[in-house]
Structures are given as C-alpha cells and as structure tokens.
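What follows draws every value from the coordinates through simple rules; no lab data is involved. Bear in mind the structure is a predicted one, so any value in this text is a computation, not a measurement.
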Amino acid sequence: MDIIHSAAALRERLRREPNNVFVPTMGNLHEGHIELIRLAKPRAACTVVSIFVNRLQFGPREDFDRYPRTLPVDAAHLEAVGVDVVFVPDEREIYPEPQTFVVEPSDLQHILEGAHRPGHFRGVATVVLKLFNLVQPHSAIFGKKDYQQYLVLRDMVKQFALPIEIIAGDTVRAADGLALSSRNGFLTAEERAEAPRLYRLLRNAHEQIINGAHDYQRIELEAMAELAHHGWHPDYVAVRRQSDLQPLHDGEREIVVVAAARLGSTRLIDNVEVLRS
Ligand code: PAF
C-alpha cells in the first residue's frame, strides 16, 4: 500500500493504474468506512482512499479543530483490508491558494442538513470535485448515512457529466442500532447509552409508514418531541422522497426518514429508507 501526500506523486502513481475506484474519507476510520472499501475493491484493479479533513465544509462554530486525526491507526486498517493507494494531502496541497471557484449545488443544499449547516454542501462538492480531478476514478463510493451528501454528489456528477459512477453503501450499525460515525467517539458513556434512541425512533416511523400511516407531520413531531423529552436537541425529523428529499406526494413509494439531533455537544444524523408497497 502506498501512502502519498502530494498531488504530483498521486498523479504519477495513478498513471500506472487508470482502472481505479475511489473512497473519499476524512479519516478516523470505522467499520462503516471499511464496508465502503469492501464494496469498492472488487470493482477495480486499484482501490484509492483519501484522508482529508476538509475545512471548507465545516461552519465557523463546527468541530473542524476537534475532528480526530488518527492516521497511523487508519493506515493499519487500510493496509489490512487491501487498499492500494492512500492519498493524505495536507491543506496546502488541496488549497494552495484561497479556493475562490466553488461548486454551487442545487437548492437541495439549502434544506435539512443544509439549512442547519449553511455552506456545508458547497464545501463537500468543491473538495470532492477536486479529489475526483486528481484521482480520476471510474467509480466512487459514499455511505448512505450521509444521505443528502450522497444525493448532492450524484447530482454533481450528472450535471457536470463526469464519467464517474456514484455507488451508495449501506449504513453500518453497532449492535444496539447506533449508526457508526467518527463523531460517536465524542459521546460520554451516558450519551452513548442514550444515542441508539435516534435509530429506534426512525424504525418506529418506518413501521408506521409501512402500516399505512400518511400523517407524516404527526410522525415527525412525535419523534422530535420524544427526542427532546430525553434531553436531545433535534434539528429535524423529516419524512421525504428518496430521490430529492422533497416532501411526499400521494402514491410516493420510495421514502426516506431523515433526522439530525444534538446529544450533549455531539450532533448525530441518521436515516432509514422505507419502500411502501
Ligand atoms: O463524508 C465525508 O467523509 C466527507 O464529507 C467527504 C465526502 C470525504 C468530503 O470531505
């Protein structure tokens, strides 16, 4: 496995390996990332993973500085799972000068996560386009836990006609249902015990919709009230259309329930897909 820090060395290495699949990450890897890599590996001769904590996608009051940087442990995991190339640029390598050209996603960037994290998806799309230009993969894998991110990036690839297939990996969960996330490490023991409630409420919403409930606003408000009752600060629980996260119309079958809430100082997001018959 080659660990590469400069864009020039990456290009040189990948010149020999044009058949590559790409998994962009911000490091602090967990089993969720490893699953994405397992999904990637059979698709190409060369699996490329990037580790870059992208300042551009963090708001001024967000956790950029405390985001865990754990390269030695990450590298050992990546080696064990058979990754070929790890790209670990420093900030000057990706942003040698202020990034004045940016990718402006569609209005999807302003709802749900975007409403609570202004500029977040612009930062994500900009760095991912840049990484795509450097790696030039034929496929790239993103986790469905960040559902809205996956949709924004899928739109970006379509609108810019990039020759890259975007593949979504399922959310990996702890035994108690909590979606794996680098941010789970910030939870205190007490918060960690409380955290699976988010997924339980999403499962409950899933059951209600499968059983024919159509009063989505009630489902959303009840779930938010339940979170608040247990000490959470919910940003949203929303029952939406899978394709673009817009409110549902009658007869819609492909549904997703998305949620974001803060527990102590940690903001967690999760979702469940619902396929109504
Ligand atoms: O999902 C992430 O880890 C990040 O948003 C990504 C896609 C690596 C871009 O920085």
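When the helices in the chain are scored as -39500 (n - 2.57) per DSSP H run of 4 or longer and the sum is shared across all residues, what 222 nm value do you end up with, to the nearest 500 deg cm²/dmol?
Details: 10 runs with 101 residues, N = 277.
The helix contribution divided over the chain gives -10500 deg cm²/dmol.
Can you tell me what the convex hull of the Cα atoms of the chain projects to on average, as an area in nm²?
Numbers: hull surface 59.4 nm².
The orientation-averaged projected area of the Cα hull of the chain comes to 14.8 nm².
On a straight-distance basis, which lysines could pair with Lys130 in a cross-link, Cα separation under 19 angstrom, same-chain partners fewer than 8 positions away excluded?
Answer for Lys130, where 19 Å is the Cα cut-off: Lys158, listed by chain and number.
Which log10 I(q)/I(0) values does the stretch 83-150 give at q = 0.12, 0.14, 0.23 Å⁻¹ under the Debye formula, counting every alpha carbon as one identical point scatterer?
-0.38, -0.52, -1.17
In whole Å, what is the distance between the alpha-carbon centres of the stretch 15-59 and the stretch 119-146?
For the stretch 15-59 versus the stretch 119-146, the Cα centre distance is 10 Å.
If you fit an axis through the alpha-carbon atoms of helix 147-159 and take the longest principal axis of the Cα set of the chain, what angle between them do you get, 0 to 90°, nearest 10?
Helix 147-159 and the main axis of the chain meet at about 50 degrees.
Tell me, what HN-Hα J-couplings in whole Hz come from the Karplus equation 6.51 cos²θ - 1.76 cosθ + 1.60 at θ = phi - 60° for each residue of the stretch 34-48, using x for Gly and Pro?
The phi angles translate into 4, 4, 4, 5, 5, 5, 6, 3, x, 8, 7, 6, 9, 9, 10 Hz.
How many angstrom lie between the Cα centre of the stretch 79-102 and the Cα centre of the stretch 215-277?
33 Å
When we measure straight from the Cα of Lys144, which aspartates and glutamates land under 17 angstrom away, once same-chain ones fewer than 8 places off are left out?
Those aspartates and glutamates meeting the cut-off are Glu31, Glu35, Glu113, Asp155, Glu165, Asp170, Asp244, Glu254, Asp270, Glu273.
Explain nothing, just the number: relative contact order of the chain, from Cα pairs under 8 Å at least 6 residues apart, as a whole percent. Don't jump to the answer; show the numbers that get you there.
Values: 463 pairs, mean separation 48.0, N = 277.
Reported as a whole number, the value is 17 percent.
Please list, short to long, the whole-number percent of alpha-carbon pairs of the stretch 184-276 in consecutive 10 angstrom bins beginning at zero.
P(r) for the stretch 184-276, in whole percents per bin: 17, 50, 25, 8, 0.
Please state the relative contact order of the stretch 106-206 as a whole percent: Cα pairs under 8 Å, 6+ residues apart?
Numbers: 77 pairs, mean separation 20.7, N = 101.
21 percent.
Got a sec to turn the phi values of the stretch 135-143 into Karplus ³J(HN,Hα) couplings, 6.51 cos²θ - 1.76 cosθ + 1.60 with θ = phi - 60°, whole Hz, x for Gly and Pro?
My calculation for the stretch 135-143 gives 8, 6, x, 8, 9, 9, 10, 10, x Hz in order.
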